[in-house]
Every structure is written in structure tokens, then in C-alpha cells.
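This report concerns only the one structure given below.
Readers should treat all values here as calculations from the given coordinates under stated rules, not as data from a laboratory. Predicted, not measured: the structure shown is a model, and the values here were computed from it. Here the Cβ is made from the backbone with ideal geometry for all residues, glycine too, and neighbour counts use every protein chain on show.
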Amino acid sequence: MSTVTFKNIKKSYDDLVIIKDFSLDIDNGEFVSFLGPSGCGKTTCLRMVSGLETNTAGSISIDDDVVSDPQNKIFVPPEKRHVGMVFQSYAVWPHMNVFDNIAYPLKVKGYNKSEIADRVREIVSIVELTGLEKRMPDALSGGQQQRVALARGLVMKPKVLLLDEPLSNLDAKLREKMRGDIRKIQQDFGITCIYVTHDQIEAFTMSDKIVIMNHGDIIQMGSPSDIRNNPINDFVADFIKTQH
Amino acid sequence: MDLIKRVLFSKRMILGGGLFLLFVFCLYPFLTLFFKIVFPQGGFTLQHFEKVLNSKSTMVAFKNTLWVSVGTCLMSTFMALPLSWLLTRTNIPMRDKWRSWFCLPYAIPPYIGAIAWIYLTNPSNGILNSVFGEGFFNIYTNSGLIWVMGSFFYTFILLSLLAALDRMDPSLEEAARLSGASPIRVFFQITVPIIFPSLMSGILLVLLASAASFGVPAMIGNPAGIYLLTTKIYTLQKMGSMNGIFMAGALSILLLVLATLVLIINQRILSKNSFKTVSGKTSRPSLIDLGSLKTPLSIGLAILFVILFVMPLGGITITALSKIQGKFELSNFGFQNFTRVFFETDETPRALMNSFNLAFIAATATTLMGLILGYINKKTKLKGRSAIEILASLPYSTPGTVLALAFILTFSAGVMGIPIRLYNTLGLIVIAYFAKYLNFSLRTTSDGFGQIDDCLAEASRVSGATWWISMKTIWFPLMKPALMASWFLVFMPAFSELTMTILLTGPGLETLGTLIFQLQEYGDASGGGAAVLALLTVIAVGLINGFVKFISKGKYGL
Ligand SMILES: Nc1ncnc2c1ncn2[C@@H]1O[C@H](COP(=O)(O)OP(=O)(O)O)[C@@H](O)[C@H]1O
Ligand SMILES: [Mg+2]
């Protein structure tokens, strides 16, 4: 449960500017979606929160702690930021079974065995994987792997949970169920979430706040109903209309 | 005439011919080797094996081979593992440059390294010993042998790891970082277990390469009285007696069995344990910021580079330019060795000519053959075509010493009933190169065919072209980059081949490799002659490698 603040974030690779001037406040327990066409910079913004990318200028804070501010030479490495992340490719470790995958963050942090077992049991039942703890990942379906990834992201009670198109590799039916499940778990935990997607249905059904992006700029942000009722320009209107 | 041409260039004739040659050169010699040793006079006998196994010196050679190979594997792993991490996962400056530089020994024949390290660290007048004191370093030891082999064969593991690390989904490691693990911890708990099959496969390749290596143990081991299986087989064969040949043959079969075992284990590991690490779209890996370690690690890399490359190359250069070894005065340096080697004997021009011709013919023949086999492999539905790759890789993975012996036993008197005397001719050498390097060609051409869509050729056939015409007008041009790469990939190692050639060579048949070997072993007292040729070999390899990389747009070459 934390706030996340982007202040005038810029990101460029050499001369190539990816993010121009990105400012955003995310509240405690808020579910925020970054929505926009592929290549518009959503993933880059998300990864800057985790520390897997560094912003070129501006500052990022989690709660009151600045985690990245190149002007003041502040950079907290990913392993010290205490954020969870769920990747599009699941990134479930193939050499560990379900239990070991989920327990890994706790082991790294030095929890003792019984604590680990309790926490994992709890989270496993929340993501509905009970009974599969001893399975190896290659014996899991895509949906189950994504649940493992979700559990692994949540088990250490991170300040923020970051999700990068977590459902795009799943089939339509499973995607629908997962949408509801993720949202419910997020609300139960009261955890702050940033959710990246190019699928406007996902964004509109799950989020408290939607940030619509294009070419590295924020075009519009607001609640789903705000945006649906008052699209700020043709791009937004077009974008939320497609796929219906 | 027209009919003959049509039959000769028909699809069936060409493809059938290709398969026939594949059998003759890639399988038949092994069968012959086996039968000649096990049924020498028609009756079954294991006496040659018994003789070999009862001989104390061959058992010592076994043991030496084992220890040197294991030592080389250890050294290679300890070098390749940290290097692969540094060069793929961190923001070390000049990453791509370091990457190609540290892979370079892969293309250089290891016996060049043996020569260089002899110049640097032979106990009496090694260049380093003239700095540190006489006898400070002694290359003529087990560790000297391991050091030289390791300094080349680590590239097998490095290349295998680099490929695996590049292929690996970066989010696997990123997820571990976000779980709170430091970069080093991620490497050992996540990365290494996931790329373990590739690591093991690289290690086994090193095991195989060190057990099969001939030049280094011959130059460094023999003077020290340390014999390995390959040098033992060589000694037995050079004895010239039938008994010697039979013992060499039996020993070869044992070495072959060892090599096959290693390969089978390798196959097992790769097929059982290989995790599917590529899944869906992946992000670009975020590089680990080395921060304040950047400078010390860069300096470390530079030192390693100097030790592995600059010093050996320097040793060769100094030796090549020295009139008298061990005298470091300006007046002692000049091009005297060059003129002597090139203009005062006819051996050098002959060796260069032979090497060029052999490599040229072998490269052309394997490439044509690769074209045919690659076509069968990728563009036909022929049953059992998967055997092609296995057959072609058989001579490649066979230790060169064994392969040469099998070729001597099989083809000395002719090929398949055609009575041409091949023993003591370049013909025998060229077919041995052909068999050994066919695998390189097949792999590049199969790659090439795999990337070309069938419909292109179908379009030309529909418009009435015969198979041969469509081959000539469609496939050849499209395959040109792959064919050129294949040609040079064979030409390069063939030009400086030593292991097989030394067994197959005879009077007047010297090649670059055997001439360097002979100059180093017996001939040139000052050592300058071997140095001159070694230096030129390194330069040639560097140039050809750069050229291959250029024409294949970075796909082949290092
Ligand atoms: N390492 C990099 N170097 C250069 N350009 C990059 C790099 N990483 C991402 N980009 C570019 O940044 C842009 C935004 O990428 P990304 O954030 O992944 O977009 P999204 O997630 O919205 O699809 C893309 O145009 C991509 O090509
Ligand atoms: Mg993205």
C-alpha cells in the first residue's frame, strides 16, 4: 500500500526520445492502467518504477522515498524497491516447482521455513493453485503459470504491483476470468497496482484510473467513465471505440 | 549427348550421388577401421585390444588424457562463466568489441598457441623467463599443457553460453531482481541453473576437443615425456610396422568409443533438461550497472586479454624477428627469418601451395555437397533424411587422429574398388578434409535453405524449368551468402589443419600445418622459422574471419 509519483519523467535512448514529459500521481490502493497502442512507451514507464529502466530526467517516488532521480544521482536498484512485477511472458523459473517459485522472494529476504510455508500456502489458495505446489512449470497451463507469477509478485506484500500485459498470451475465455480475479485480489489486498495493456476492454473493466498514452505522451487520464463520456480528442475516441 | 546431360543433371542422379558420397566418406571408413582391427585375417579377434590394454604406456596415456582433459574443462569453465556474464548482462564498456575478441581463439589453431607459449615460457630461454629468471616458468608440464589448451578451448564454452544467454528471456532474471536478489545471486540461483544444459554441453565439447587435440600435446607433452592418446596413436602409426598400425587402430577405436560416450551424454543432457527459455515477446534485457566496479573490471578484462593474446602474439612476433633468440637488442631484430623461410628453401612455397590447393578443393567440394545435402534435408520429404545430419557430424566429432587412421586403412589403395593409389598423395588428405568439414557446410546450407520459401522455386518449376535449371537460376543465387560462408568456414580450418595431415602426409606433401610442426619439432634450431609461419597463419585467420563476418553481415565469423 503505497503511493507512486512520477515527476516530469523523460526517457531517451541516445537521441531517441521515448517518453517526453510524464507526470502522474497514483494513490494508495489505486488500480491504474496505462493504455495505448503498441510502442507508445507503456512498458518503459512501468519498468522505470521497478528500476529495470532508468529515467533520463525527472524523479520517481514510492511513498515519500525518491527511488530514482538522475539529477540528484539517486537510484535505488530493483532488488531494494520492494515492488512486485508480473511479466507478459510469465517468467516462471523453469527449474523450480510452483512452491519454490512462489517462495523465492521470501527465501531471499531470509524468512524462516515455517513462515515461508504459511505465507505460500495462503497465497496459493488465493490464486487458486492449491494442490499444484509440487508441479514443475512445464506441466502447467499458461493460465496457471500466470497465477504462479501473480502469487510470486504478491507473496512478499510489495508496496506496488506492476503488471505488464499479463493476459495477452491467454485465450479469450481465460482472460475474462483472470481480469475479474486480478481485480478482486487487488482489492482484497488493497495493493497499489499499475497495469499496462493495449486492450481497452481490460483497462475499462479493471481500473480506477486510466492513463491513455501515445508516442510517449499522456493524452488523457481519468476514471473509465470520465474517459468514455468525455474523450478529449479524436485519438482517444477512436482508440476506445476500436475492438468493441 | 543431350540424353546423357539430362540423366547426369537429373534430380535423382545428383541427390543420389550426394547420399552415396556421404556414405562412402562418412560411414564406410569407420566400418573399415572396425573390421580391420577386429577381423584382421578374416577371423574374429580382440588381440589388438588386449595388447593395447596390457601395455603400460597406453594406460598412462589414458590417464594423462583424462587428467589433462578434466583440467582443461575446469580452466575453461572458470574463464568462460564470468566472462559470459560480464559480456551479456552488464554495461561493461566496449562489450561487443570484447565479445568478438575473446571469441577469436576459436578460429586460431591451438598449436599456434603451443608454439607461442613455448617461446614465452620454455625453461631455458623463454622470453618471460628472461624477465623472471631462468626456470621460473616451465611450459613442459601437465599444467603447461592444460594452460595452453584451456586458453583456446574456453571459447567452446563461452560461445555456447553467450548463445544461451542471448536467447534467454530476460524477464526470468528481472523477476528475480524484483524478488530482492542481488545480480550475483540472480546469476547463480536463476541464470546458471537455466543455462545449465548449454554449460554442460560446452564443457563436454571441451572434454572432447582436449581428448582429440594433437598439436598441443605433441609440441608440449612429447618433449616432457607426457603422452596422450592422440600422440600415442601417432607414435605407433609412425613406427610403420603393421603391428604398430593395428595397435594404433585399436587405440583409435577406444578413443572413438570415449568420444561417442561423451557425445551421447551431451545429447541426453540437451534433450532432457533443456528448458524452453524463449516464450512470447520479450523485453530488451536491462543491463546491470557495474557502477564503481566498471574500471577495475575493465582493467581485469584488459589484463586477461594481454595474457591470452597480446603476450603470445608478441612472443611469436619477437621470435620471428629475432636473428638470435633471447637477445633483446635492436641490432638483433630483422627480417632474416622471413627471407630464410620463404626464399632459401623450397619447402615453404610448396607447403603454402599444397595447403591452398587442399583447402580450396575441400572448401569447394564440401560446399557443393552441402548444397545437395542441405537441399535433401530441408526441401525434400525423403525418408530417413534426418540421418544426413548424423552421418555428416560423425567425422566432425571424431578425433582427427582417429579419422586419419581410418582413412589410411580404408582408402590407401583406392576408393570403392576404383584402384587409385591414394596413400602418400594429396588425394587422401583432401578426402579426409572433405569428410571432416562437411558438417560446417551442411549446417550453413541447411540454415540457408531453411530461410528460403519453397514457393520461389515452385514458381520457376511451374513456368517450365527443369530441376537443374531452377537449381541454377533460383537456388544458387538465393543461397549465395550461405554458400560463401560455408566455403570460407571450411577453407579456414583446412588451410592450417595439422592433426589429420600429420598422419596422412608424406615426402613432398608438406602443408602449412605440418611444416610449422616440423620446423618447431626438429628443423629450425633458432625457432624463428616456425614463428614466421605461425605469425602469418594468425594474420590470415584474422583477415579471413573479418571477411566472412563482413560478407555474411555478422551472421558467421566471430
Ligand atoms: N533499449 C531500447 N533502445 C531503443 N529503443 C527502445 C529500447 N527499448 C524500447 N525502445 C523503444 O521505445 C518505445 C516504447 O517501447 P515500450 O515502452 O516497450 O512500448 P509499449 O510497451 O507501449 O509497447 C518503442 O518504440 C521501442 O522501440
Ligand atoms: Mg509493452
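Measure out, as a whole number of angstrom, how far apart the alpha-carbon centroids of segment A:115-184 and segment B:467-502 sit.
Cα centres, segment A:115-184 to segment B:467-502: 51 Å.
Which residues' amide hydrogens lie under 5 Å from the amide hydrogen of A:N214, considering only partners 5 or more residues apart or on another chain, with H built in the peptide plane?
Here the answer is A:I219, since their amide H atoms fall under 5 Å of that of A:N214.
At 0.36 nm per residue, and after removing the present C-alpha to C-alpha distance, how many nm does the segment from B:D289 to B:E329 gain when stretched out fully? Show your work: numbers first, answer last.
Values: separation 40, 0.36 × 40 = 14.40 nm, distance 4.65 nm.
Stretched fully, the B:D289-B:E329 segment lengthens by 9.7 nm.
Binning at 5 Å from 0, report for segment B:387-461 what percent of all alpha-carbon pair distances ends up in each bin.
Binned Cα distances yield the sequence 3, 14, 18, 17, 14, 11, 7, 7, 7, 2.
How far apart, in nm, are two points set 7 Å out from the Cα along the Cα-to-Cβ line at B:W101 and at B:I390?
For B:W101 paired with B:I390, the spin-label model returns 4.4 nm.
Placing one identical point scatterer on every Cα of segment B:291-342 and ignoring solvent, what is log10 I(q)/I(0) from the Debye formula at q = 0.17, 0.23 Å⁻¹?
Listed by q, the Debye log ratios stand at -0.63, -0.83.
Considering every pair of different Cα atoms, what Kirkwood radius, in Å, is found for chain B?
Details: mean 1/r = 0.0394 Å⁻¹.
Hydrodynamic radius (Kirkwood, Cα only) of chain B equals 25.4 Å.
Viscosity 0.890 mPa s, temperature 25 °C: Stokes-Einstein D of the protein assembly as shown from its Kirkwood Cα radius, in µm² per second? Each step should come with its number before you reach the end.
Working: Rh = 30.4 Å.
In µm²/s, the coefficient is 81.
In the structure displayed, which of B:K436/B:K472; B:K472/B:K553; A:K10/A:K42; B:K11/B:K379 lie more than 18 Å apart, Cα to Cα? Mind dumping the intermediate values first?
On the way: B:K436/B:K472 27 Å; B:K472/B:K553 24 Å; A:K10/A:K42 13 Å; B:K11/B:K379 12 Å.
B:K436/B:K472; B:K472/B:K553, as the Cα separations exceed 18 Å there.
Provide Rg over Rh for segment A:92-157; use the alpha carbon set for both Rg and the Kirkwood Rh (inverse mean inverse pair distance). Could you put the intermediate results ahead of the total?
Working: Rg = 10.6 Å, Rh = 11.4 Å.
When Rh is taken as the Kirkwood radius, the ratio is 0.93.
Stokes-Einstein at 20 °C, 1.002 mPa s, Kirkwood radius from Cα pairs: D for segment B:445-558 in µm² s⁻¹? Provide the component values of the computation, followed by the final result.
Details: Rh = 17.2 Å.
Estimated diffusion coefficient is 125 µm²/s.
Using each residue's phi in segment B:298-308, evaluate 6.51 cos²θ - 1.76 cosθ + 1.60 at θ = phi - 60° and report the 3J(HN,Hα) Karplus result to the nearest Hz, with x for Gly and Pro.
Listing the rounded values in order: 5, 4, x, 4, 4, 5, 4, 4, 4, 5, 7 Hz.
Placing one identical point scatterer on every Cα of segment A:144-244 and ignoring solvent, what is log10 I(q)/I(0) from the Debye formula at q = 0.14, 0.24 Å⁻¹?
Once normalised to I(0) and log-transformed, intensities are -0.57, -1.37.
Each residue of segment A:230-241 in turn: what ³J(HN,Hα) in whole Hz from Karplus with 6.51, -1.76, 1.60 and θ = phi - 60°, glycine and Pro shown as x?
Listing the rounded values in order: 10, x, 6, 8, 4, 4, 5, 4, 4, 5, 7, 7 Hz.
May I ask you to compute the full-extension gain from B:I452 to B:L543, defined as 0.36 nm times their residue separation minus their alpha-carbon distance, rounded to one decimal in nm? Don't skip to the answer; put the middle values down first.
Numbers: separation 91, 0.36 × 91 = 32.76 nm, distance 2.95 nm.
My answer for the length gained is 29.8 nm.
Per residue of segment B:142-159, what does 6.51 cos²θ - 1.76 cosθ + 1.60 with θ = phi - 60° give for ³J(HN,Hα)? Whole Hz please, x for Gly and Pro, Karplus curve as stated.
Those phi angles translate into 4, 5, x, 4, 5, 4, 5, 4, x, 6, 10, 6, 4, 5, 4, 6, 4, 4 Hz.
With only alpha-carbon pairs counted, each pair once and no self-pairs, how large is the Kirkwood hydrodynamic radius of segment A:26-124 in angstroms? Please report the intermediate quantities before stating the final value.
Values: mean 1/r = 0.0627 Å⁻¹.
About 16.0 Å, per the Kirkwood formula over Cα pairs.
Given labels modelled 7 Å from the Cα in the Cβ direction, how far is it in nm from A:N229 to B:S241?
The modelled label-to-label distance comes out at 10.5 nm.
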